[in-house]
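Comments concern the structure below.
The values are calculated or read from the model by the stated rules, or taken from the named source; none is laboratory data. Since we're looking at a predicted model, the values are computed, not measured. Note that we place each Cβ from the backbone using ideal geometry, even for glycine, and neighbour counts take in every protein chain shown. For the accessible areas, the whole protein counts, side chains as well, though only heavy atoms, and no ligand, DNA or RNA atoms are used. Shrake-Rupley method; radii C 1.70, N 1.55, O 1.52, S 1.80 Å.
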Amino acid sequence: MSKQCKLILALDLPDRELALTMLKKLQGSLEWVKIGLQMYLKYGAGLVEEAAAMGFKVFLDLKMYDIPNTVASAVKSLAGQKISMLTIHASGGAEMMSRAAEAAAESNPNLEILAVTVLTSFDEQALRLTGVAAKPAEQVLNLALLAKQSGVRGLVCSPLEIGLLRKNLGGEIDLITPGIRPLGADVGDQKRIMPPLMAARAGSSYIVVGRPILKAADPALAARGIIAELESAK
Ligand code: C5P
């Protein structure tokens, strides 16, 4: 198990200029950035290209969900872009996930498909209203097992689910966890949070952190501080 847990910056900023200024500040201090729907829908492949040209590995967080053929085709459409991680929804089912993983392997061997299990915005009641009788943790495990059987090598999950997933899925699968806050940092709208060191010790492979870095007076210093904390977990 214990691969070094790495930091991914969630590049959630309102415009390209701010994003590029932030990336310049972080060059050399950070390896990974996550580009989500907010920025990708506005700036598209150009922004991915710019981040990659600055030396960052790009995690494209599009959370795809559609019929298997459409998702597989969408993965192939991204083949030319320098992305290293891409999210799909595990609730799209086994065939959708396996077709996405196959499409990635064929079109870009460096691209890892990650499955999102249950969004952390769902509680038990919200899940039940969608017709899912299982409790959130049970449903996370159901979908995580399905994702693994479908050839997906990474999962996005809450840090509070790391223990459950490591116990049932083993040490090989990558677990990517948002909902991270360094001790003393502003919690913002995150509710179920964990500090970097605890997440790394619990078995997270990558932590996703946005505002504690983006809003820091010195983002590079904040990023290096978090990385040092992760490295101390070894
Ligand atoms: O600013 P903050 O550190 O809260 O950013 C966390 C990032 O992780 C955001 O991009 C958010 O959309 C994403 N995320 C999350 N919780 C999830 C899934 C994704 O916070 N369950």
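Structure summary
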| quantity | calculated |
| --- | --- |
| Hits in segment 192-207 - residues which are part of a loop (DSSP other than H, G, I, E, B) and either touching a helix residue (DSSP H, G or I) at 6+ places or on another chain (Cβ under 7 Å) or within 10 Å of the ligand (Cβ to nearest atom) (or both) | Arg192, Ile193, Gly203, Ser204 |
| Residues located in segment 208-234, provided they are within 9 Å of the ligand (Cβ to nearest atom) and either under 13 Å from Lys6 (Cβ atoms) or in a helix (DSSP H, G or I) (or both) | Val208, Val209, Arg211, Pro212, Ile213, Leu214 |
| Residue among Ala74, Ala137 that alone is open to solvent by 40 Å² or more (accessible area, probe 1.4 Å) and not in a loop (DSSP other than H, G, I, E, B) | Ala137 |
| Options Gly171, Gly131, Gly163, Gly151; residue that is exposed (fewer than 15 other Cβ atoms within 10 Å of the Cβ), away from the ligand (no atom under 11 Å from the Cβ), small (Gly, Ala, Ser) and at positive phi | Gly131 |
| Leu41 vs. criteria out of contact with any Lys or Arg (no Cβ under 9 Å at 6 or more places or on another chain), farther than 22 Å from Gly179 by Cα and open to solvent by less than 30 Å² (accessible area, probe 1.4 Å) | no |
| Qualifying positions in segment 1-52 - aliphatic (A, V, I, L, M), farther than 18 Å from Ala217 by Cβ, part of a helix (DSSP H, G or I) and without any contact (Cβ under 8 Å) to a residue 40 or more places away in the chain | Ala19, Leu20, Leu37, Met39, Leu41, Ala45, Leu47, Val48, Ala52 |
